[in-house]
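Take a look at the structure below.
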Amino acid sequence: MRVVGIDEAVSAVDDNSSVMIGGFLGCGSPDNIIQGIVERKTRGLTVIANDTSFPDRGVGKLIVGKCAAKVIVSHIGTNPETQRQMIEGELDVELVPQGTLAERIRAGGVGLGGILTPTGVGTVVQEGKRIIAIDGKDYLMELPLRAEFALVKAKKADYLGNLVFSLTARNFNPLIVLACNTVIVEVEEIVPVGSLSPDEIHIPGVLVDYVSVGSVVR
């Protein structure tokens, strides 16, 4: 694990990269990392996240900044710019039921070949997907999701990269850590090694590549 500045952290995310981003309507999103990507004018990203937040928060800034070519999310209802870009054909939007999205990310993180879920059977969600019947009930085969980069927000880290999240800001962050090749974390503070109790560590440092301190959105 390396401690780096925000600018160095976001420099790894090139055009056309795939990224998973933590957060729920902006809560628990790495706002300084997102702002850095917008300022670099990175283009063509495939963004996997719970939602596209609001135009001025979280993932929404990437949408407004035209950084994303595709999003895989559970809803876009709070961001009219996402809706506009989808309708105008400027942005490819794949809508996935929230629980299914979480399980597809989890499957990608733990090496499963997919999941079976009844959610979406008989709706537009099943279009193009394999249907498997078990004990007389139909299930959709949903494939795992992985990405090149995980962009994570944590409350604090130590100098080994062990992470602690804050309450509901934990949300999707621990899931995406497992499902990406490179993990970039924004924290509010870095504390000395040994100051975190093992019981309060949510993600071990062995899974973390870069940590940046960014307590105030630029």
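Against the definition (on the phi > 0 side of the Ramachandran plot, outside any strand (DSSP E or B) and within 17 Å of the chain's Cα centre (by Cα)), how does N16 come out, yes or no? For N16, the condition - on the phi > 0 side of the Ramachandran plot, outside any strand (DSSP E or B) and within 17 Å of the chain's Cα centre (by Cα) - is met. Might you check whether a residue that is in a strand (DSSP E or B), open to solvent by 40 Å² or more (accessible area, probe 1.4 Å), without any contact (Cβ under 8 Å) to a residue 60 or more places away in the chain and within 23 Å of V125 (Cα to Cα) occurs anywhere in region 35-55? Within region 35-55, none of the residues are in a strand (DSSP E or B), open to solvent by 40 Å² or more (accessible area, probe 1.4 Å), without any contact (Cβ under 8 Å) to a residue 60 or more places away in the chain and within 23 Å of V125 (Cα to Cα).
Only one of the numbered conditions (1) under 26 Å from V10 (Cα atoms); (2) open to solvent by 70 Å² or more (accessible area, probe 1.4 Å); (3) modelled with pLDDT under 95 is violated by K66, and that is (3).
Restricting attention to region 185-215, which residues are small (G, A, S), open to solvent by 20 Å² or more (accessible area, probe 1.4 Å) and either in contact (Cβ under 8 Å) with a residue 12 or more places away in the chain or in a strand (DSSP E or B) (or both)? It would help to see each step written out before you state the result.
Applying the first criterion (small (G, A, S)) to region 185-215 yields 194-195, 197, 205, 212, 214-215.
Applying the additional criterion that residues be open to solvent by 20 Å² or more (accessible area, probe 1.4 Å) yields 194-195, 197, 215.
Within region 185-215, G194, S195, S215 meet the criteria.
Among the residues of region 122-146, which ones are assigned to a loop (DSSP other than H, G, I, E, B) and open to solvent by 50 Å² or more (accessible area, probe 1.4 Å)?
Scanning region 122-146 gives G122, T123, E127, G128, K129, R130, D135, G136, L143, R146.
Against the criterion of being closer than 30 Å to A12 by Cα, hydroxyl-bearing (S, T, Y) and in a helix (DSSP H, G or I), T78 does not qualify.
If you filter region 103-116 down to residues that are farther than 17 Å from D51 by Cα and of a type in the set (A, V, I, L, M, F, W, C), you find that the one that is surrounded by the most Cβ atoms within 10 Å (Cβ to Cβ) is A107. Scan region 69-80 for residues that are buried (at least 22 other Cβ atoms within 10 Å of the Cβ) and among the polar types (S, T, N, Q) and jot them down. Result: N79, single match. Looking only at residues in region 5-34 that are of a type in the set (S, T, N, Q) and open to solvent by less than 10 Å² (accessible area, probe 1.4 Å), the one that is farthest from S74 (Cα to Cα) is N32. Identify, from the list T119, T100, the residue that is open to solvent by less than 70 Å² (accessible area, probe 1.4 Å), assigned to a loop (DSSP other than H, G, I, E, B) and of a type in the set (S, T, Y). Just one listed residue meets the conditions, T119.
The values are calculated or read from the model by the stated rules, or taken from the named source; none is laboratory data. Source: prediction; values computed, not measured. FYI the Cβ positions are ideal-geometry reconstructions off the backbone, even for glycines, and counts take in every protein chain you see. For the accessible areas, the whole protein counts, side chains as well, though only heavy atoms, and no ligand, DNA or RNA atoms are used. Shrake-Rupley method; radii C 1.70, N 1.55, O 1.52, S 1.80 Å.
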